[in-house]
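Chemist: Would you mind keeping the following structure in view while I ask a few things?
The values are calculated or read from the model by the stated rules, or taken from the named source; none is laboratory data. Remember, predicted model here, so these are calculated numbers, not experimental data. Counting neighbours? That spans all protein chains shown, and the Cβs are built from the backbone with ideal geometry, glycine included.
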Amino acid sequence: MKRLLGSLLAVGMAVLAAVYMAANPDKPVWALKFWVTYAGSEAPDTVVLGQGAERVQAYLAPTMCPGPGGREMHFVHAPELARSLALSSSAQVELSGRAVIAEVHSDRGVPYLILGNSTVYVLEQDGLGERAELAAFWRKHTAASERGGQ
Amino acid sequence: MITLESWFLFLLANSVLLAGANAVACALSRPGDILSERLVLTGLAWLALATVLVLGVGLAGMLRPYPLCAAALLAGGGLGFGLRRWSRPLWPETRQGLAAFAGCGDAVLAVAVLVFLFQALSTLVRIWYLPPLVWDSYSYHLPPVAQWLQLGGIPLELPGSVARINFQTLGMSLLNAWFTVFLGNPVLVELPQFLWWLILIPTGQALLVRAGVAPARALLFALAGAFVPACLLQSGTTQDHLALGVSFLAGVGFLDAFAKEGNPRRLLAAGMALGLCLGYKLSAPLHVLVAAGSVLALRPRRLLAAWRRAPRSAAWSGVAAFGVALVLGGWWYIKNLALYGRLQGGVLALAGKRGENDMAAGASILAANLGDFLARISDTGNLLDADLAAVSGFGPQFASLGIAALALAVPAALAGRRRGRDGLAVPLVAAMGLTLAYFSFYYSNNQYRLFLFLPVAAVWALPASLEALDFSLASAPGRVARGVALACIVWSAVAVLPVGLSMPHLVRACVAGPPESRVAANVSRYMYRLAAQRFLANAVPGNPAVAYAGHRDSWTWQYYGAGLAGRAVAVPRRLLRLEGSGPDPHLAPSPEMKSLLRRERAAFYVSTPTDNRAPAPVADPEFLEIVPGLYYYKGAVR
């Protein structure tokens, strides 16, 4: 009797564990996919389309903290592009149909581009209304932080 | 950048505190006790001392590295000196334990230990390289830590819109602060729950050995319990569910040991464990009541016998245990009583379904919980991450070993009674009782992370029940249980390999980036749509004051920055005047709001209230939109 109960118990435990694992194949599969497909590979390049795309594409440097490819906000580290845009006659460049570039200054003194809006911020260029005000702010803010923060 | 001086203070304070904790553990145990019991006591005493020191030094307004380190030297050194007659070296016992492990020649256990080492190492790496990823951390677990460290003390109330911070128990935040204050950097802020995970393993082994299970077998099942996915997922967070569960189980174990042995020192140990438990959630008094009630219900004769043997000693130990518990976890309740006139301060929406939270709704909440139980424990509703939305995270352990243990509980208790072994009845009954108690008033999408003590207790109960039923290690259920335990350990370790709640494709960039870029805004799944948070984290120099739309769940942790030097300024809801109607209302900043921003010199305003809700657009010429949801207020810096 005890042996029978023991066997039933053993089979029961093994079957229950197997049923649980069979019902959850997504967990180990996701573990593999997470590291091999996503976290293990380089972050996807930004997808850039539309007017000015070639120029933007050419200057995209390794991303600092990219968003999901082509869909979300991207931070790209591209000082050369900012300089190029500042020299160009067109202040507006449309990326991905809705993305935007903004040049700002980081605490390391390197401009960043921010994609994800609908206008171009060229902060060093005068005559752009609000953008010029923002540029003034960034200069002031950067100077303040270099003196030890606000 | 963490300086050498910071590391020195961190290591010095913790080493001295560990030495003091070891002295406490020696005083509360006996030379013949097993090593795991001493390890549990050392771990509990370490965390208890750190908790008391941060709270005491914080309330005194000296929460800075040097005063805290001095307090640690005094406390650790004082305990080491005062308890020296009980002290005994740790190494001989450790060597004995390691030799017994090496000598048992158990391949299954050896593989389990290897998986444990990998898991421990990978969790430490995650803690070091990745920021907190659970959103509770951003709204109420961690902002108090940043505010305390900036203020250099723990005031009775903290400013901000998240009201619950001021009436919740913040025992875990105290430990988060302990592991942050010396380094001045939150890189180890998630360490406390990892330590609780480590404490869980000797807790299980000690309970099982006390229940008559051989040490090697006990260690395997202790590991199987600790590898319940919910425990693994919580071990790298700043949440408090794991700490709550482990302290509860340890407290129950010590109370049960007191009932069995009549040793009053067990009561003090129980007071330490349950006191820490009290400090982690406003609902923790329920844990203490259930722990005490389970022992009273199942061990009335033994308790009476223990009392009769030495009534004076038992009474004094009981009072001392209560005092210890009060010191460790009572502050929050006393403060609530003093400030708000009630122990629980404010009202938390504990019972969640459709807003029901009164007694009349108890039956329907219980029915909903019982109805969901099988679906939840199947874990098929979602992937596993620390939030455990719509799943339990109880893993294959509970589905197989745990269910078997529940089925065997009554026969084991009856059969084992003759041999003085009842299959870990008290912890199992306490865990089931506490789960049912919660089931009667608490329903939420994420509630099962609070119940992680249930699968752990059930998995631990299995070998004890097999022992009580006289199934040997070589019997069919004994062999299969060991195999299933190992399979569950491996499966769980694999299932939690992904970094839950992260944006997978950003993990590598985050880890590879400079330390200051390893912040929630760059990798948290919750922040993927929050342009404002990412802009502030990456493109704004210095540590600016950031004003935010105040909400009861506002996330503010990210505004303090990697060095915790930033400042978050809540704009109260009454100052947020919404204009327009329909789907696109916009915010018209009131003069009071502008005045607040000027006063606080807050040039940035974030209009996204909490999470990935759409930001409210601001319509005011003085506010320039930088990215969606983030505005530069020209009036703040002139």
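Chemist: For segment B:471-495, how many residues meet the condition of being at the interface with chain A (Cβ under 8 Å from one of its Cβ atoms) and not aromatic (Phe, Trp, Tyr)?
Modeler: Counting residues in segment B:471-495 that are at the interface with chain A (Cβ under 8 Å from one of its Cβ atoms) and not aromatic (Phe, Trp, Tyr) gives 12.
Chemist: Just one of (1) closer than 26 Å to B:PHE535 by Cα; (2) touching a Lys or Arg at 6+ places or on another chain (Cβ under 8 Å) trips up B:ALA495, so point out which.
Modeler: (1)
Chemist: Which ones in segment B:510-521 are surrounded by fewer than 21 Cβ atoms within 10 Å (Cβ to Cβ) and either aromatic (Phe, Trp, Tyr) or in a helix (DSSP H, G or I) (or both)?
Modeler: Listed by number, the residues that qualify are B:VAL511, B:ALA512, B:PRO515, B:GLU516, B:SER517.
Chemist: Taking only segment B:285-320 into account, find how many residues are crowded, with 19+ Cβ neighbours inside 10 Å, modelled with pLDDT under 95 and touching a Leu at 6+ places or on another chain (Cβ under 7 Å).
Modeler: 1
Chemist: Those residues that are under 19 Å from B:GLN234 (Cα atoms) and out of contact with any Pro (no Cβ under 6 Å at 6 or more places or on another chain), I need them from segment B:508-536; list them, please.
Modeler: Once the filter is applied, which keeps residues that are under 19 Å from B:GLN234 (Cα atoms) and out of contact with any Pro (no Cβ under 6 Å at 6 or more places or on another chain), segment B:508-536 yields B:VAL523, B:SER524, B:ARG525, B:TYR526.
Chemist: Now, a different point. Regarding segment B:134-148, can at least one residue be identified that is surrounded by fewer than 23 Cβ atoms within 10 Å (Cβ to Cβ) and not in a helix (DSSP H, G or I)?
Modeler: Checked against the condition, which is being surrounded by fewer than 23 Cβ atoms within 10 Å (Cβ to Cβ) and not in a helix (DSSP H, G or I), segment B:134-148 yields no hits at all.
Chemist: Also: Within segment B:261-284, how many residues turn out to be in a helix (DSSP H, G or I), buried (at least 18 other Cβ atoms within 10 Å of the Cβ) and not hydrophobic (A, V, I, L, M, F, W, C)?
Modeler: The total comes to 5.
Chemist: Being at pLDDT below 85, out of contact with any Cys (no Cβ under 6 Å at 6 or more places or on another chain) and either within 30 Å of B:PRO396 (Cβ to Cβ) or at the interface with chain B (Cβ under 7 Å from one of its Cβ atoms) (or both) narrows it down to one residue among A:ALA39, A:ALA17, A:ALA31, A:ALA10; which is it? Break it down into steps so the answer makes sense when it comes.
Modeler: Working: A:ALA17 fails: at pLDDT below 85; A:ALA31 fails: at pLDDT below 85; A:ALA10 fails: at pLDDT below 85.
Of A:ALA39, A:ALA17, A:ALA31, A:ALA10, the one residue that is at pLDDT below 85, out of contact with any Cys (no Cβ under 6 Å at 6 or more places or on another chain) and either within 30 Å of B:PRO396 (Cβ to Cβ) or at the interface with chain B (Cβ under 7 Å from one of its Cβ atoms) (or both) is A:ALA39.
Chemist: Might you check whether a residue that is assigned to a loop (DSSP other than H, G, I, E, B) and within 38 Å of the chain's Cα centre (by Cα) occurs anywhere in segment B:573-595?
Modeler: We begin by selecting, within segment B:573-595, every residue assigned to a loop (DSSP other than H, G, I, E, B); these are B:580-585, B:590.
From the residues that got through so far, the ones that are within 38 Å of the chain's Cα centre (by Cα) too are none.
So far as segment B:573-595 goes, no, none of its residues is assigned to a loop (DSSP other than H, G, I, E, B) and within 38 Å of the chain's Cα centre (by Cα).
Chemist: Go through (1) within 30 Å of B:GLU516 (Cβ to Cβ); (2) modelled with pLDDT of 95 or more one by one and return the number of the condition B:THR169 breaks.
Modeler: B:THR169 satisfies every listed condition except (1).
Chemist: Taking only segment B:76-89 into account, find how many residues are under 22 Å from B:LEU276 (Cβ atoms) and in contact with a helix residue (DSSP H, G or I) (Cβ under 6 Å, 6 or more places away or on another chain).
Modeler: Number satisfying all stated conditions: 5.
Chemist: Looking only at segment B:97-127, count how many residues are closer than 18 Å to B:ARG217 by Cβ and assigned to a helix (DSSP H, G or I).
Modeler: Step one: filter segment B:97-127 for residues closer than 18 Å to B:ARG217 by Cβ, giving B:97-116.
Still in the running and assigned to a helix (DSSP H, G or I): B:97-103, B:107-116.
Going through segment B:97-127 one residue at a time, the tally reaches 17.
Chemist: Identify, from the list B:ALA75, B:ALA71, the residue that is surrounded by fewer than 23 Cβ atoms within 10 Å (Cβ to Cβ), within 25 Å of B:GLU93 (Cβ to Cβ) and of a type outside the set (Ser, Thr, Tyr). First the steps, then the outcome.
Modeler: Values: B:ALA71 fails: within 25 Å of B:GLU93 (Cβ to Cβ).
None of the other options fit; the residue is B:ALA75.
Chemist: When residues of segment B:163-190 are filtered for being among the aliphatic types (A, V, I, L, M), closer than 23 Å to B:LEU278 by Cα and surrounded by fewer than 24 Cβ atoms within 10 Å (Cβ to Cβ), how many remain?
Modeler: The total comes to 2.
Chemist: In addition: In segment B:382-405, how many are of a type outside the set (D, E, K, R), more than 10 Å from chain A (Cβ to nearest Cβ) and more than 15 Å from B:ALA224 (Cβ to Cβ)?
Modeler: Applying the first criterion (of a type outside the set (D, E, K, R)) to segment B:382-405 yields B:382-384, B:386, B:388-405.
Filter again for more than 10 Å from chain A (Cβ to nearest Cβ), leaving B:386, B:388-390, B:392-393.
Subsequent filtering for residues that are more than 15 Å from B:ALA224 (Cβ to Cβ) retains B:386, B:388-390, B:392.
Residues meeting the conditions: 5.
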